[in-house]
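Below you'll find the structure, written out as structure tokens, and then a few comments.
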Amino acid sequence: MAKPKKLDEVAYQYIIEKIYTRQWLPQTRITEIDLSRELNISRTPIRQAFQQLHKEGYLEVEPHKGARVRELNISSHGLQERMEFIEMTFVNYFHYLQIKEVVFDGTEVDDILANLKKCQNGTGKIYLDLETQLLHKMLAFSKNDYSVRIVMDTIRELQKQTNPDYIILMERNRELKIQHFEKLVHFLKLGDYPLARKQMRILINQLTLSIILNLSE
């Protein structure tokens, strides 16, 4: 006969499954009293599960308020998978623009790119906000809002990583990214979507190689 799980283990497994399956996204607030009702157990084992998950980096415990789900540090392999997904999404989007013969209006993109170049050596948040705006504007002609939302969520997830080695690596790659962004915008404005696809592949491949060479699991 299987040994029954301790109640704190039950709470731990319940919470971890919610986090891993993305039912609870980063910054989701959870409370002892709500989980006590859901699991039909007392608050003490839930509190113990909170503390364990806090130690492991999954939760940020807020005294007298509960806890919030933290942004998880992604493994090197996970970073590579996300880069591959971003590349696939943009390459397919540029192919769509080519098939539909869309004329890409780069006016707003030019302004954002100019500001991005000025902030190349600036604070992380300002640079990342502008980079997010640039990539989002590139997707302005997409008819698939869901696809845009998912790829932008993936980009923001990468930007919110707290691994200091990853942050430093991406800061070192800013000049490289801006160079590729300039070429990418140039090709989009010309309507040369095959070269835009090639440029995106080169950029992602270089970023991925940088991750492989500099970040260990």
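How about the range 100-159: which chymotrypsin sites (Phe, Trp or Tyr not before Pro) there are in a DSSP loop, with at most 16 other Cβ atoms within 10 Å of their Cβ?
Passing both the DSSP loop test and the Cβ count: Phe141.
Over all directions, what mean area does the Cα convex hull of the range 117-201 project, stated in square nanometres?
Result: a mean projected hull area of 5.9 nm².
Let me cross-check Ser42: its accessible surface, 1.4 Å probe, with only protein heavy atoms counted, in Å² to the nearest 10?
My reading of the accessible area for Ser42 is about 60 Å².
With the crude spin-label approximation of a point 7 Å out along Cα→Cβ, what separation in nm comes out for Glu108 versus Ser42?
5.6
Using Stokes-Einstein with the Kirkwood hydrodynamic radius over Cα pairs, what translational diffusion coefficient do you get for the range 31-97 at 4 °C and a viscosity of 1.567 mPa s, in µm²/s rounded to a whole number? All intermediate terms of the calculation are to be shown ahead of the outcome.
Working: Rh = 14.8 Å.
Result for D is 88 µm²/s.
Based on the Cα atoms of the chain, what semi-axes does the equivalent ellipsoid have, where each is the square root of 5 times one gyration tensor eigenvalue, given in whole Å with the largest first?
Values: eigenvalues 335, 67, 52 Å².
With the √(5λ) rule applied to the chain, the semi-axes are 41, 18, 16 Å.
Given contacts defined as C-alpha pairs under 8 Å and at least six residues apart, what's the relative contact order of the range 111-164, whole-number percent?
On the way: 20 pairs, mean separation 15.8, N = 54.
Computed over the range 111-164, the figure is 29 percent.
Per-residue accessible area for Tyr14 at 1.4 Å probe radius, Å² rounded to 10?
60
When the dipole is taken about the Cα centre of the chain, and only Lys, Arg (+1) and Asp, Glu (-1) are charged at their Cβ, what size is it in debye, to the nearest 20?
Here the chain has a charge dipole of around 340 debye.
The values are calculated or read from the model by the stated rules, or taken from the named source; none is laboratory data. This one's a predicted model, so the numbers in the text were calculated from it and none came from an experiment. Neighbour counts are summed over all protein chains in view; Cβ atoms, including those assigned to glycine, are modelled from backbone coordinates with ideal geometry. Calculation scope for accessible area: heavy atoms of the full protein, side chains included, ligands and nucleic acids excluded. Shrake-Rupley method; radii C 1.70, N 1.55, O 1.52, S 1.80 Å.
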